[in-house]
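Every number in this text was worked out from the coordinates using simple rules, so none of it is lab data. The structure displayed is predicted, hence computed values, not measured ones. Every residue, glycine among them, receives a Cβ derived from its backbone with ideal geometry; neighbour counts consider all protein chains shown.
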Amino acid sequence: MIDNTIIRAKHLTKHFRDFWRRPKVAAVQDVSLDVQRGEVFGLLGPNGSGKSTTIKMILGLLHPTNGTLTVLGHDPRDVKTKSRVGYLPEESYLYPYLTAEETLNFYGKLFDLSPTVRETRIQQLLEMIGLSHARRRTVGEFSKGMMRRIGNSHRR
Ligand SMILES: Nc1ncnc2c1ncn2[C@@H]1O[C@H](COP(=O)(O)OP(=O)(O)OP(=O)(O)O)[C@@H](O)[C@H]1O
Ligand SMILES: [Mg+2]
């Protein structure tokens, strides 16, 4: 049987410690959840309730204090897993003087895509996010929504 579980957390716990390694904040306490393929899953809660900390553990940026976590069946810190994960942070750090096209070209180069592949992908992506008309404009002058679109597209 194919396992359609994309994210599986069992008793996930994260305690931040102080300089002397004494527990300081119980940021995430005993969270168990499964996210299935194709599911849209929202993590809701008051400020400081541990949402970002949970996401950081799913991305493999923070190591859980307790519990187990798998993403696509592997440890979230696994490099193979990372290549299949897209993440749009609250703020995208884009180079303001690059145009939309140049921004995507830059990330394409980081992923070692050939010039011809980059060329077609960039046009496809700009079309998909509805920013073809703005491809020659610098992202520094983009509106908030346009910035979110371009910030998400270079992670696909
Ligand atoms: N690096 C850290 N060191 C110490 N404490 C931290 C660290 N990161 C988060 N915390 C603490 O962990 C708790 C959960 O924080 P987290 O950022 O996960 O909350 P959140 O649910 O994302 O909140 P918000 O809705 O404000 O984004 C908070 O008490 C926070 O102060
Ligand atoms: Mg947060």
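Relative contact order for the chain using alpha-carbon pairs under 8 Å, separation at least 6, rounded to a whole percent? Spell out each step's value before the answer.
Details: 200 pairs, mean separation 31.6, N = 156.
Value for the chain: 20 percent.
Roughly how many whole Å is it from the C-alpha centroid of the range 101-128 to that of the range 15-71?
Centre-to-centre (Cα) distance: 33 Å.
Lys pairs in the chain, Cα-Cα under 20 Å, at least 8 apart or on separate chains: how many?
12
Which value, in debye to the nearest 20, gives the size of the charge dipole of the chain about its Cα centre, when Lys and Arg are +1 and Asp and Glu are -1 at the Cβ?
Details: 25 positive and 15 negative charges, 59 e Å.
With Lys and Arg at +1 and Asp and Glu at -1, about 280 debye.
Out of every Cα pair in the chain, what percent are spaced more than 29 Å from each other?
Working: 4245 of 12090 pairs.
Summing the P(r) of the chain above 29 Å gives 35 percent of all pairs.
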